Amino acid sequence: MNNKDQMHPDDFRNLVIFAVVSMLLWYAWDTFILKPQKSQFEKAKLARHELILNNPELLEPLSFLSREEALDTTRSSRISFENNRVKGSILLKGGRLDDLVLKEYFDKQDSKQNVALLTPEGTERPRFVEFGWYSSDEKVKLPDDKTIWTVRGNSDLKPGAPVTLAWDNGQGQTFERTMTLDKHYSFKFEQSVHNSNIEPVQVFPYALIVQYGIPMDFTGRWVAYEGPMGFMGGELVKGDYHTLLSERKISREAQTGWLGISDKYWLTALIPQQENLAKYRFLVEPDPVHKEKNRYQADLTGQLVKVGHNETKKDSFTLFTGIKKVSVLEAYEVDLKAPNFDLAVDFGWFWFFTYPFYIALHYLGVWTGNMGVAIICLTIFLRMAVYPLTRTTFHSFAKMRVVQPQILEIRSKFANDKERLQQEIVEVYRKHGVNPLSGCLPALVQIPIFFALYKIILVTIELRNAPFFGWIQDLSAPDPTSLFNLFGLIPWTPPGVLMVGAWPCAMLCVMLVQKQLTPPPQDQIQKDMRNYFPFIITYIMAQFPAGLVVYWTFSGLISALQQAYIMKSMGVPIHLFEKDKVEAELEKKVEEGPPVHPLIEMAEEEAEHALFGEEGRTSSEPGEPEKPVKPPKPKKKKKK
């Protein structure tokens with residue numbers, strides 16, 4: 001047997017070590033991770049089976065009350081409230097705030113049903129707010145969800161007209177709640193306990209928000225956070241619905257902060273008195289059968305309150321139930337001293353880049369009165385700002401068109417010598433100052449701008465149901481028209497995969513114009529990518545918000561106009577609808593081959609030169625003698 005066919009002892013040793021380590025890792029994974037998970041799953045499955053077996057009614061379909069039925073005053077007594085922004089009612093049984101709608105916002109564009117942030121228990125996916133006291137002493141009778149509160153004085157809650165509820169537990173303690181409504185989106189709740197008994201009472205104040213199931217308008221997109229969140233002790237904490245189901249509870253203790261449940265455009269949050277130590281929690285009680293009955297809760301608990309004989313102790317907190325508009329949240333942040341309250345608007349990790357664009361778009365929208373026009377104005381400003389970068393790119397593209405006759409001649413001369421062909425093309429590009437990296441920086445600048453605008457359009461309430469012109473009535477939604485029914489001329493609604501609207505088609509036309517202005521590549525694969533790319537991008541962008549498509553269309557249009565201006569100033573002919581003779585012949589030569597990549601080679605040399613200087617060049621300049629490569633020095637053997 002030839003020695004060359006034998007495995008080296010070191011290689012055999014490494015193979016054995018690899019096999020042993022792999023088996024140990026597999027055994028550890030199976031023993032300490034997979035088997036415990038499987039055991040927990042089997043136990044949960046068995047417990048669920050036994051629960052259903054003992055309670056077969058759990059399998060019955062769920063039935064819910066309508067919102068109107070749940071709010072019927074014949075079923076329960078309520079006191080109403082209203083201001084310029086919100087309206088609703090408070091249930092006297094339990095003193096629960098479970099009815100609140102936004103007067104200025106509706107579920108859909110053409111709907112007359114107001115957005116409901118709080119909904120009574122018994123309806124589908126209810127959400128409500130409770131607060132009160134709890135004690136470790138079970139002998140003390142405290143108000144709960146069955147307590148019937150009595151109204152003292154005013155029974156119509158309005159700004160400047162608070163309402164007071166009272167309840168006597170019959171053991172010497174009297175509980176009162178005073179509720180104040182401001183002119184916008186907040187309630188101040190002040191609760192007190194008076195002890196006329198000789199023995200002192202020890203209680204803890206609490207407040208909580210309960211959400212059954214995931215909200216109906218939950219989108220579940222990564223770009224916009226939805227779920228329990230809060231800012232506590234300098235830390236932004238998010239306990240999304242999926243995470244809570246696995247962790248069951250997330251808790252923090254801090255002297256400053258707030259917490260609540262965030263929707264895409266709305267926020268329900270509790271803000272306690274700052275500088276007082278409080279415990280903040282997110283938790284879930286999953287239902288074993290119906291996920292619609294999973295009970296998600298965000299709550300806060302204050303410090304122990306000792307109420308002596310004939311003493312009255314108070315506690316207060318603020319409830320915010322309203323829109324996630326940055327200016328509104330910033331105003332409440334100052335008024336309530338709630339730290340970083342504006343972080344409820346999810347601008348993402350790169351908020352420092354997204355936020356300035358949001359401010360610019362917001363004020364442009366206020367100035368123009370139309371968010372679509374604001375997007376166009378912002379696009380013009382951005383294209384002007386990056387013009388010094390794109391100007392270099394367009395100059396390089398124009399130079400590539402100027403040298404097309406020389407490239408055609410070189411391809412005819414060296415059609416059978418790929419290496420020489422690429423060298424000659426590189427030499428021509430260098431001679432005329434074509435920069436291979438000129439197109440990279442503008443493209444890199446455009447990427448964060450695109451994602452910043454995408455984030456703004458999807459998460460900010462200014463763009464929700466914001467109309468443009470014509471058929472675009474919501475810039476945060478895709479274009480509702482479709483090419484496949486001739487934009488509504490054919491009485492047929494295409495499926496979602498065929499919804500390619502008028503604005504994406506306009507964007508396609510702009511990209512095709514840009515393609516005509518760009519010099520053709522030097523290999524067939526790049527040529528095919530260049531031909532198909534506009535159609536692929538159009539189909540993808542058709543599913544994006546219309547506001548983003550408007551930005552892309554006008555950005556491409558301005559870019560094409562800038563490029564055409566530079567080409568004309570350099571004397572380069574512009575052919576939009578037909579190709580000139582030289583370009584047509586050059587494309588034919590590219591199809592015949594061989595494929596070359598001169599710009600890639602130039603870019604590699606530029607990168608080596610930037611990293612290593614003149615010593616980093618592996619090949620000499622054309623016309624110079626090639627430098628010999630020195631062999632590596634042999635290593636010295638160490639003496640034993």
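The listed residues are Ile447, Ile456, Ile461, and the only one of them that is at pLDDT 75 or above, closer than 30 Å to Ala360 by Cα and open to solvent by 50 Å² or more (accessible area, probe 1.4 Å) turns out to be Ile447. When the range 161-177 is filtered for residues that are open to solvent by less than 50 Å² (accessible area, probe 1.4 Å), among the polar types (S, T, N, Q) and outside any strand (DSSP E or B), only Asn169 remains. Residues that are β-branched (Val, Ile, Thr) and open to solvent by less than 60 Å² (accessible area, probe 1.4 Å) within the range 516-547 comprise Thr518, Ile537, Thr538, listed in sequence order.
Just one of the listed residues (Leu453, Leu444, Leu508, Leu458) is farther than 30 Å from Lys324 by Cβ, touching a residue at least 24 places away in the same chain (Cβ under 8 Å) and not in a loop (DSSP other than H, G, I, E, B), namely Leu508. Residue-level analysis places Val101 outside the set of residues that are touching a residue at least 24 places away in the same chain (Cβ under 8 Å) and among the β-branched types (Val, Ile, Thr).
The number of residues in the range 530-570 being touching a residue at least 60 places away in the same chain (Cβ under 8 Å) and either of a type in the set (S, T, N, Q) or not in a helix (DSSP H, G or I) (or both) comes to 9. The set of residues in the range 182-196 being surrounded by 15 or more Cβ atoms within 10 Å (Cβ to Cβ) and in a loop (DSSP other than H, G, I, E, B) consists of Asp182, His184, Tyr185. Please determine whether any residue of the range 517-537 is of a type in the set (Val, Ile, Thr) and modelled with pLDDT of 85 or more. Checked against the condition, which is being of a type in the set (Val, Ile, Thr) and modelled with pLDDT of 85 or more, the range 517-537 yields at least one hit. Tallying residues that are in contact with a His (Cβ under 8 Å, 6 or more places away or on another chain) and open to solvent by less than 70 Å² (accessible area, probe 1.4 Å) within the range 398-436 yields 3.
Applying the criterion of at least 1 residues that are open to solvent by 60 Å² or more (accessible area, probe 1.4 Å) and in contact with an Asp or Glu (Cβ under 7 Å, 6 or more places away or on another chain) to the strands (runs of 3 or more DSSP E) found wholly in the range 266-364 leaves 278-285, 311-323. When the range 207-223 is limited to residues that are in contact with a Leu (Cβ under 7 Å, 6 or more places away or on another chain) and assigned to a strand (DSSP E or B), the one that is farthest from Asn276 (Cα to Cα) turns out to be Ile209.
Would it be correct to say that Leu498 is more than 30 Å from Ile425 (Cα to Cα), open to solvent by less than 40 Å² (accessible area, probe 1.4 Å) and not hydroxyl-bearing (Ser, Thr, Tyr)? So Leu498 does not fit the description; no. If we scan the range 30-51, do we find a residue that is open to solvent by less than 100 Å² (accessible area, probe 1.4 Å), at pLDDT 75 or above and not in a helix (DSSP H, G or I)? There is no residue in the range 30-51 that is open to solvent by less than 100 Å² (accessible area, probe 1.4 Å), at pLDDT 75 or above and not in a helix (DSSP H, G or I).
Listed conditions (1) at pLDDT 85 or above; (2) over 21 Å from Phe353 (Cβ atoms); (3) aromatic (Phe, Trp, Tyr) are all met by Tyr429, apart from (1). Of the candidates Phe218, Phe204, the single residue that is modelled with pLDDT of 90 or more, surrounded by fewer than 22 Cβ atoms within 10 Å (Cβ to Cβ), of a type in the set (Phe, Trp, Tyr) and farther than 20 Å from Phe187 by Cβ is Phe204. Scanning the range 476-489 for residues that are open to solvent by less than 30 Å² (accessible area, probe 1.4 Å), of a type outside the set (D, E, K, R) and more than 17 Å from the chain's Cα centre (by Cα) turns up Thr481, Ser482, Asn485. Can you tell me which residue within the range 70-82, out of those that are in contact with a Ser or Thr (Cβ under 8 Å, 6 or more places away or on another chain) and not in a loop (DSSP other than H, G, I, E, B), is surrounded by the fewest Cβ atoms within 10 Å (Cβ to Cβ)? By that ranking, first place goes to Ser80.
So that you can scan it fast, the table gives a plain yes or no per residue for (1) at pLDDT 90 or above; (2) over 30 Å from Leu576 (Cα atoms); (3) touching a Phe, Trp or Tyr at 6+ places or on another chain (Cβ under 8 Å):
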{"site": "Ser476", "(1), (2), (3)": "yes, yes, no"}
{"site": "Pro495", "(1), (2), (3)": "no, yes, no"}
{"site": "Val500", "(1), (2), (3)": "yes, no, yes"}
{"site": "Val510", "(1), (2), (3)": "yes, no, no"}
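Leu165 meets the stated requirement of being over 39 Å from the mean Cα position of the chain (by Cα) and closer than 20 Å to Leu270 by Cβ. Of the strands (runs of 3 or more DSSP E) lying entirely inside the range 83-132, those containing at least 1 residues that are acidic (Asp, Glu) and open to solvent by 10 Å² or more (accessible area, probe 1.4 Å) are 96-106.
If you go through the range 246-286 and keep only what is of a type in the set (Gly, Ala, Ser) and in contact with a strand residue (DSSP E or B) (Cβ under 9 Å, 6 or more places away or on another chain), you end up with Ser251, Ala254, Gly257, Gly260, Ser262, Ala269, Ala278. Selection of the range 197-206 for residues being part of a strand (DSSP E or B) and not aliphatic (A, V, I, L, M) yields Gln202, Phe204, Pro205, Tyr206. Only residues that are more than 16 Å from Ile457 (Cβ to Cβ), touching a residue at least 40 places away in the same chain (Cβ under 8 Å), of a type in the set (A, V, I, L, M, F, W, C) and assigned to a helix (DSSP H, G or I): list them for the range 365-389, please. Correct list: Ile380, Leu389. For the range 82-104, name all the residues that are more than 24 Å from Thr164 (Cβ to Cβ) and in contact with a Phe, Trp or Tyr (Cβ under 8 Å, 6 or more places away or on another chain). Correct list: Leu102 only. Residues in the range 52-90 that are polar (S, T, N, Q) and at pLDDT below 90 were compared, and the one that is farthest from Pro126 (Cα to Cα) is Asn54. Scanning the range 133-160 for residues that are farther than 21 Å from Thr301 by Cα and open to solvent by less than 30 Å² (accessible area, probe 1.4 Å) gives Trp149, Leu157.
Go through the range 461-494 and give me each residue that's free of Cβ contacts under 8 Å to residues at least 24 places away in the same chain and out of contact with any helix residue (DSSP H, G or I) (no Cβ under 9 Å at 6 or more places or on another chain). Answer for the range 461-494, where residues must be free of Cβ contacts under 8 Å to residues at least 24 places away in the same chain and out of contact with any helix residue (DSSP H, G or I) (no Cβ under 9 Å at 6 or more places or on another chain): Leu486, Gly488, Leu489.
Across the range 263-315, the number of residues qualifying as within 31 Å of the chain's Cα centre (by Cα), closer than 21 Å to Glu253 by Cβ and of a type in the set (Lys, Arg) comes to 2.
The values are calculated or read from the model by the stated rules, or taken from the named source; none is laboratory data. What you see is a predicted model, and the numbers here were worked out from it, not measured in a lab. Cβ atoms come from the backbone with ideal geometry, glycine included; neighbour counts cover every protein chain shown. With ligands, DNA and RNA removed, areas are computed over all heavy atoms of the protein, side chains included. Shrake-Rupley method; radii C 1.70, N 1.55, O 1.52, S 1.80 Å.
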